[in-house]
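See structure below.
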Amino acid sequence: MARLASLSGARIYFDANVAIYAVEKIDTLTPAHRALFLHFDSGALTPITSELTLHECLVKPFAEANRKLVDTYFEFFDPALGFECVGLTRPLLIEASRLRAALRLKTPDAIHVAAALATARTHFLTNDFRIRVPHGLTLLGWDDIEV
């Protein structure tokens with residue numbers, strides 16, 4: 001479990017599954033999840049993700065021709081609203097290859113971990129506990145957040 005107060009100042013990387021849950025299951029967000037987003041809005045925490053997350057989030061809405069959900073994701077990841085989004089650069093992909101080999105990660109997971117290490121340096125927020133992260137990056141479960 002992680003108390004929000006103990007995360008003050010953290011740069012938290014969002015895995016795609018957490019972003020999907022936050023956007024598409026908004027009616028089921030707990031008070032702790034709502035408080036997390038208030039911390040992002042206030043600047044007490046910094047939300048970070050990669051362009052890969054945006055890609056993963058948009059597949060289903062595009063397949064279903066759900067323009068409203070596509071627009072919701074663009075709004076959710078809007079840098080002007082505080083979401084830092086990391087581009088997929090050659091050095092990041094090379095690091096992802098190294099991490100994939102070292103930690104036996106799937107390619108998308110390796111890219112997410114590489115992006116988190118390049119930017120977040122503190123916490124990796126996910127609902128997938130099969131992901132392995134190297135020392136120095138803390139795996140934080142979506143349901144492990146406490147007010």
Report summary line: Within the stretch 51-79, the count of residues that are assigned to a loop (DSSP other than H, G, I, E, B) and of a type in the set (A, V, I, L, M) comes to 1
Requested in this report: Quick one: in the stretch 9-40, of everything that is touching a His at 6+ places or on another chain (Cβ under 8 Å) and either under 12 Å from I145 (Cβ atoms) or not aromatic (F, W, Y) (or both), which residue is surrounded by the fewest Cβ atoms within 10 Å (Cβ to Cβ)?
Outcome: R11
Requested in this report: Using the structure shown, decide if L88 is farther than 20 Å from T138 by Cα, touching a strand residue (DSSP E or B) at 6+ places or on another chain (Cβ under 9 Å) and not in a helix (DSSP H, G or I).
Outcome: yes
Query raised in the report: Considering the stretch 105-121 alone, what residues qualify as being under 12 Å from the mean Cα position of the chain (by Cα), part of a loop (DSSP other than H, G, I, E, B) and farther than 17 Å from C85 by Cβ?
Result: none
Report summary line: Considering the stretch 99-136, residues that are touching a strand residue (DSSP E or B) at 6+ places or on another chain (Cβ under 8 Å) and surrounded by fewer than 17 Cβ atoms within 10 Å (Cβ to Cβ), and then whichever is modelled with the lowest pLDDT, we arrive at R121
Report summary line: The condition from (1) in contact with a Lys or Arg (Cβ under 9 Å, 6 or more places away or on another chain); (2) in contact (Cβ under 8 Å) with a residue 40 or more places away in the chain; (3) of a type in the set (S, T, N, Q) that N66 misses is numbered (2)
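The values are calculated or read from the model by the stated rules, or taken from the named source; none is laboratory data. Just so it is clear, the model here is predicted, and its values are computed rather than measured. Reconstructed Cβ throughout: ideal geometry from the backbone, glycine too, with neighbour counts over all protein chains shown.
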